[in-house]
Protein chains: 4
Amino acid sequence: MDPFRNIGIIGREGSGVVESLQRLIVFLRTRGLNIIIGDHIQHLLEPQYLHDVRVSSRKMIGEVSDLIIVVGGDGSLLAAARTLARFDVPVLGVNRGRLGFLTDVSPDEIEQRVGEVLDGQYRIEKRFLLDAVVTRNGEPIGVADALNDIVVNSGTSAKMIEFELYIEGEFVYRQRSDGLIVSTPTGSTAYSLSGGGPIMHPRLDAIALVPMFPHTLSSRPIVVDGNSEIKIVICESNTTQLPVSCDGQVHLTAQSGDAVYVTKKPHKLKMIHPLNHSFYASCRDKLGWNTSNF
Amino acid sequence: MDPFRNIGIIGREGSGVVESLQRLIVFLRTRGLNIIIGDHIQHLLEPQYLHDVRVSSRKMIGEVSDLIIVVGGDGSLLAAARTLARFDVPVLGVNRGRLGFLTDVSPDEIEQRVGEVLDGQYRIEKRFLLDAVVTRNGEPIGVADALNDIVVNSGTSAKMIEFELYIEGEFVYRQRSDGLIVSTPTGSTAYSLSGGGPIMHPRLDAIALVPMFPHTLSSRPIVVDGNSEIKIVICESNTTQLPVSCDGQVHLTAQSGDAVYVTKKPHKLKMIHPLNHSFYASCRDKLGWNTSNF
Amino acid sequence: MDPFRNIGIIGREGSGVVESLQRLIVFLRTRGLNIIIGDHIQHLLEPQYLHDVRVSSRKMIGEVSDLIIVVGGDGSLLAAARTLARFDVPVLGVNRGRLGFLTDVSPDEIEQRVGEVLDGQYRIEKRFLLDAVVTRNGEPIGVADALNDIVVNSGTSAKMIEFELYIEGEFVYRQRSDGLIVSTPTGSTAYSLSGGGPIMHPRLDAIALVPMFPHTLSSRPIVVDGNSEIKIVICESNTTQLPVSCDGQVHLTAQSGDAVYVTKKPHKLKMIHPLNHSFYASCRDKLGWNTSNF
Amino acid sequence: MDPFRNIGIIGREGSGVVESLQRLIVFLRTRGLNIIIGDHIQHLLEPQYLHDVRVSSRKMIGEVSDLIIVVGGDGSLLAAARTLARFDVPVLGVNRGRLGFLTDVSPDEIEQRVGEVLDGQYRIEKRFLLDAVVTRNGEPIGVADALNDIVVNSGTSAKMIEFELYIEGEFVYRQRSDGLIVSTPTGSTAYSLSGGGPIMHPRLDAIALVPMFPHTLSSRPIVVDGNSEIKIVICESNTTQLPVSCDGQVHLTAQSGDAVYVTKKPHKLKMIHPLNHSFYASCRDKLGWNTSNF
């Protein structure tokens, strides 16, 4: 018996996406599966691809699908993860973006890799997300989540902020810098890495704190247990609204006196990997470990 | 004969500034020198300090002074430098800011250090500035200058830009990153340093190019001859106005297709150092070389 | 009832050590406790300090003591840890070395802090160690352990080695570099830190792999789960014996074709901290987080 | 008229070297030039390649040649540079090594590139070398030189040394670290780069000082004018002979109390580049600037 009967498909507009959507729908039909497609990409498809397909909102797709396939780049998968983590449905990515650390299936092997997954040839990896809560005078005023990273900074590049960092309630430091990146293992090969953060294996239960252009030369990335509560208190010297970006999207701001709490989200994302997937192979391939030798 | 007869004083409001201004005026009077004070700080002083003092605009002060004393932080001296570099007048800084890499005289030794300088006990160090010119369709549309650094970035933190770098007309790379810092030796102990750039001795004739959060892990700071022409071409993938900040101040923006040219300014700033000044002592003191040992 | 009746004392010769040993013995006598002192430091003490004290080998001390106090530097505590981890006895350090990340009690507060510990005012923190096993043709030829780090390198500075890294049996990369540091959280504020590794909180269950002068610019520190098996295979291009150093001591060597396995040791070190101990306070103090601001 | 009549050929044994030597000799014969070959590689060639060829020592080749072609890797060119810098003869490299930052001509284009050079289609770039002098009690006890870098360290990896650094007679810092790299611009893409040093353009007149695993987190690479005198004083805490390596070769050692002086060598190496050579293209190609993007 197929483990997956109802297959949700979501994604975003972009180069090659339509072609991959079509190819995916044709293939899933050959397997006799129920297809539910996101209403945000319906307009990308001609009627012949839609006649026996249900169209639903993203959230509804999360509820009714056994498997969700995301067609797009890492950004599409990040967005899907934030929406879908609360449902227990596994997610598989078809890469139509630049890098594809999160989207394992390359467009020219859709039938083979998706076929393997449908045949039960896959591995599930749980990835945790972070919750960010901004509090003012002790009251929460905003909440958002992220699969990669939560970044508190000045909102204006090359402009310093000042904050205090607490981990598990313990004072760590008061820092002047461009900001702070709080990264999951999943995010450790994204923005955090370009800021000098360590690569963390996806199965490590840890959070990395990476200072951005710190004015303390001895400040270094810190890695703490994934269950730690991170608190960033915005110092009174900051006079503007500071964006709190989640996976590069700004949904929250904080101001002088506010605290930004970052903790692990209770729900995890279930990522599906074809059996040939290897995290280190991705690193070798995508980070240039094989080619940037001197 | 005193080398300096006409002493200009400029600065900015801030903690302790009034006290230092008063102390400085009283001291200069005892030496019988002509004092010209910037009209932007006139309001900080009570009448008794102003009765025999000329008040002028900053530019006029640049023209009529033999020596200019800046009371404030490094930021005040940076601003003064940009205004005054075209005049051939030497500049001395009294430190009322946090760090004071550029402002040698500490407030409690005004009489001693300024006295020494007036007695001819000083060293002059020429510091070069950078000119930034933004061109559109080959025509210049904006010009600004900097003593520390010129930074091209997204204007929004944690947001990538894409540009091509050319040095002396030669293609260097196409890069996606948060931006690029172009730093003088003077700026090498400021923003550039927090971004991983090398410390450059003030007398080195060189420019450092420091990538900000580059998405190429093999991208490193590059140091080139101080007479090199740097050209940064904004790629078509950028859809917003990118700020070009000069010493942290934004006077210019660039957009897709524009080129930002950075070259050494013909006029240099003449900085005056008391004879006890040492660049490496400043590093030991201000960067924590003595204390952050493990 | 005192939790600790039999107190072992070990250490090493060095500046101030004798004074601290004397002070410690005098204090423990006032508490009426049994004192056992290491035979390697017996010669440091005059007869009056030894008359009611047992003298034993380090190992015997591990077996008969309820608490062991190490007087010396971090190196002394590292050595003690490697000897004592197999016994379940907690260890407290009196700092007579330079840094003291591991030795919490400063010499001038021996009575107060040791007194508090004897009164039950303390916290126990378990620190894991690493086992290194060198195998040749599949057979183990040498074993050693470390609390801080295991380093495989050329034995000659500025000389490259070539190796393959496997984590949990998965190939990571083939690298040319000066070597590789495998660090525990405890070691993350020691050698690993000077090589660009992240700071890891002592309670994090993780291992960091830090390349030394890698000839791949995109090679970065990697952090993996503490239960991972690390395997370093020495490539055929290495023509000399490579030292495998454990906490800076060389007990093992490896040659072309050998594999060095690094895994978590089953026994943990029980470190005792006075209640005023804070890891982040140590970082602020010892790494210069408060002073190296610019 | 050919600018080059007498062509010296040197090199080292290694993969493909014989083939390139043969091809080069055959080609130079077609141009009717005088060939002088190093006696250290004579044994690599069969008689048919030697009948009309002079065989000489390296030094003699330096005296009698108008152009010297080095067949080998960067190491061969480094060795040649140290021997030949005193003669005013230009040097061209045929790459038979791994990287080839210094050896511009790839083996499969010998006829084309060497032909262009012989036709006068080339650019000469002067590269400076460094002299290292070890003094004891004020007297020089050893001298060596380097094109890439001079490294003072412990000789045993992962072992700290302690030294004082002076630049132009001015005290910079006292440092505990694994050692110090003093690098030319030419060396800035070699060992110095793997230690976090900046890339310096070959025409920059500067020296970089790169600390190796410094125990001061705020210690950073320093770039100073190429005419600066660098002095490294070995502190009394060092109890062993410290190797002073030049381009990775150890010819000198220093001990407690000794000073190592590093200065620019009066003679420069004249490197010949085919006109298609570009330093930044080498960086893109060899450092992976094009491929390690994420």
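The values are calculated or read from the model by the stated rules, or taken from the named source; none is laboratory data. Keep in mind that what you see is a predicted model, and the values were worked out from it rather than measured. Positions of Cβ are backbone-derived with ideal geometry, glycine not excepted, and every protein chain shown enters the neighbour counts. Areas reflect the complete protein model, heavy atoms only, side chains present, ligands, DNA and RNA absent. Shrake-Rupley method; radii C 1.70, N 1.55, O 1.52, S 1.80 Å.
Compute the label-point distances linking D:Glu109 to its equivalents in the other copies; points lie 7 Å from Cα along Cα→Cβ; give nm, one decimal, shortest first. D:Glu109 label point versus its equivalents elsewhere: 3.5, 5.9, 6.8 nm. Once you sort the root eigenvalues of the Cα gyration tensor of segment C:6-120 as a ≥ b ≥ c, which label holds: rounded (a/c under 1.5), prolate (a/b larger than b/c) or oblate (the other case)? It comes out rounded by the Cα gyration axes.
Relative to the longest principal axis of the Cα atoms of chain B, helix B:74-84 runs at roughly 90 degrees.
Quick note on segment C:102-167: its Rg to Rh ratio, both from C-alpha atoms and Rh being the Kirkwood radius, is 1.22. Heavy-atom accessible surface of D:Met200, to the nearest 10 Å², is about 0 Å², with a 1.4 Å probe and all protein chains retained. Highest GNM mean-square fluctuation, chain C, Cα pairs closer than 10 Å: which of C:Lys265, C:Lys231, C:Lys159? Sorting by GNM fluctuation, first place goes to C:Lys159. Binning the alpha carbon pair distances of segment D:24-85 at 10 angstrom intervals from zero yields the distribution 19, 56, 25, 0, expressed in whole percent.
Decide, for the protein assembly as shown, between rounded, prolate and oblate: order the square roots of the alpha carbon gyration tensor eigenvalues as a ≥ b ≥ c, take rounded if a/c falls under 1.5, and otherwise choose prolate if a/b is larger than b/c, else oblate. Taking the square roots of the gyration eigenvalues as a ≥ b ≥ c, the protein assembly as shown is rounded. Among D:Gly93, D:Gly169, D:Gly248, which one moves the most in a GNM of chain D with springs linking Cα atoms closer than 10 Å? In this elastic network of chain D, the residue with the biggest mean-square fluctuation among D:Gly93, D:Gly169, D:Gly248 is D:Gly169. Across all directions, the shadow cast by the convex hull of segment B:137-294 built on its C-alpha atoms averages 10.8 square nanometres. For chain C, the orientation-averaged shadow of the C-alpha convex hull comes to 16.6 nm² (one quarter of the hull surface). Rounded to the nearest 10 degrees, the angle from helix B:17-30 to the longest Cα principal axis of chain B is 50 degrees.
If you take the Cα centroid of segment D:16-42 and the Cα centroid of segment A:192-234, the two points sit 57 Å apart. Placing a label point 7 Å from the Cα of C:Ile124 along the Cα-to-Cβ direction, the residues of segment C:55-75 whose backbone N falls under 13 Å from that point are C:66-68.
Near A:Leu275: Cβ cut-off under 14 Å, other residues only, Lys/Arg at +1 and Asp/Glu at -1. The net charge is -4.
On a per residue basis, segment B:1-128 carries 42 Å² of accessible surface, using protein heavy atoms and a 1.4 Å probe. Over all projection directions, the Cα-based convex hull of segment B:94-230 averages an area of 10.4 nm².
Per residue, the Cα convex hull of segment B:214-260 amounts to 117 Å³. Both numbers refer to the Cα atoms of segment D:59-150; Rg and Dmax are 15.5, 55 Å. Of the solvent-accessible surface of segment D:6-120, computed with a 1.4 Å probe over protein heavy atoms with every protein chain present, carbon and sulfur atoms account for 45 percent. Think of it as helices only: each DSSP H run of n ≥ 4 in chain C is worth -39500 (n - 2.57), and spread over all residues that comes to -5500 deg cm²/dmol at 222 nm.
Express in whole angstrom the spacing between the alpha-carbon centres of segment D:69-85 and segment B:56-96. So the separation of the two Cα centres works out to 52 Å.
If the cut-off is 22 Å between C-alpha atoms, which lysines fall inside it for A:Lys126, apart from same-chain ones fewer than 8 positions away? Straight-line reach from A:Lys126, under 22 Å: A:Lys59, A:Lys264, A:Lys265, A:Lys268, A:Lys270, A:Lys286.
Take segment D:159-283 with all the other protein chains still there, run a 1.4 Å probe, and you get 28 Å² of accessible area per residue.
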